[in-house]
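Below you'll find the structure, written out as structure tokens, and then a few comments.
The values are calculated or read from the model by the stated rules, or taken from the named source; none is laboratory data. This one's a predicted model, so the numbers in the text were calculated from it and none came from an experiment. All Cβ positions, even for glycine, are placed from backbone atoms using ideal geometry, and neighbour counts span all protein chains on display.
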Amino acid sequence: MGRSRGGLTSKIHHLVDGRGAPMVVVVSAGQSGDSPMLPVLLDHLSVPRIGSGRPRTTPDRLRGDKAYSSRGHRSLLRARGIIATIPEPADQVANRKRRGSAGGRPPAFDPDDYKNRNHVERSFNHGKQWRGFATRYDKLGIVYRGAAVLNAIIRCEVPPGPWRHRQ
């Protein structure tokens, strides 16, 4: 997929639901960043409705880490009507304060809601437990993505246990 100093690599990007089950799985080159993949992930989101109607393509809320705290991402989420729970990095806070009243007001941030972002991290850790997937034996990106999707399907089918909270 991608080439970095370590060799050929790839990255998996997820959009997960409130339980940590992946809804969108995208594989990209290893040297690419996480932040540019947010619009791609949102474009791939499609949740079928029970009964009739168009699939749902807009989540209620997006919880992301500081890598997603850019003006472009916030405006994209605002335009789509998605509430953003993304902390502001220290350098952005300092730049905003340095500009004074021209820096604008800080973006809204709910620290209690941000605590639920651990579902994303647990989703990635679930994939790391699968040996064939974690060791990256697959040569083709499409096969690697297939393994990631299969892992997501297995995760959705596993009944809740003591390691997984019911909601």
For this session: Filter segment 59-74 for residues that are of a type in the set (Lys, Arg) and over 10 Å from residue 85 (Cβ atoms) and give the result.
Result: 66, 71, 74
Exercise. Name the pairs whose Cβ atoms lie under 7 Å apart, with the first residue in segment 86-97 and touching a residue at least 24 places away in the same chain (Cβ under 8 Å) and closer than 14 Å to residue 111 by Cα, the second part of a helix (DSSP H, G or I) and of a type outside the set (Val, Ile, Thr), and 6 or more positions between them or separate chains?
Worked result: 86/68; 87/66; 87/114
Exercise. Do any residues in segment 26-42 that are more than 10 Å from residue 12 (Cβ to Cβ) have Cβ atoms under 9 Å from those of residues that are surrounded by 14 or more Cβ atoms within 10 Å (Cβ to Cβ) and of a type in the set (Phe, Trp, Tyr), where the two are at least six apart or on different chains, and which pairs are they?
Worked result: 34/68; 35/68; 38/68
Problem set entry | Scope segment 64-78; condition part of a helix (DSSP H, G or I) and surrounded by 13 or more Cβ atoms within 10 Å (Cβ to Cβ); matching residues | 66, 67, 68, 73, 74, 76, 77
Problem set entry | Residue tally, condition under 11 Å from residue 77 (Cα atoms), in a loop (DSSP other than H, G, I, E, B) and of a type outside the set (Ser, Thr, Tyr), over segment 41-63 | 2
Problem set entry | Candidate set from segment 105-135 (those that are surrounded by 13 or more Cβ atoms within 10 Å (Cβ to Cβ), among the hydrophobic types (A, V, I, L, M, F, W, C) and under 18 Å from residue 152 (Cβ atoms)); member that is modelled with the highest pLDDT | 120
Exercise. Looking at 125, 151, 118, which is the one that is touching a residue at least 24 places away in the same chain (Cβ under 8 Å), out of contact with any strand residue (DSSP E or B) (no Cβ under 6 Å at 6 or more places or on another chain) and not charged (D, E, K, R)?
Worked result: 151
Exercise. Looking at this structure, is residue 108 part of a helix (DSSP H, G or I), out of contact with any strand residue (DSSP E or B) (no Cβ under 7 Å at 6 or more places or on another chain) and either aliphatic (A, V, I, L, M) or more than 30 Å from residue 76 (Cα to Cα) (or both)?
Worked result: no
For this session: Evaluate segment 47-68: report whether one residue or more is in contact with a helix residue (DSSP H, G or I) (Cβ under 9 Å, 6 or more places away or on another chain), farther than 20 Å from residue 141 by Cα and among the small types (Gly, Ala, Ser).
Result: yes
Exercise. Any idea which of 142, 154, 82, 86 is surrounded by 14 or more Cβ atoms within 10 Å (Cβ to Cβ) and out of contact with any Pro (no Cβ under 7 Å at 6 or more places or on another chain)?
Worked result: 86
Exercise. Which of the residues that make up segment 8-24 are out of contact with any Pro (no Cβ under 8 Å at 6 or more places or on another chain), buried (at least 16 other Cβ atoms within 10 Å of the Cβ) and within 19 Å of residue 115 (Cβ to Cβ)?
Worked result: 20, 21
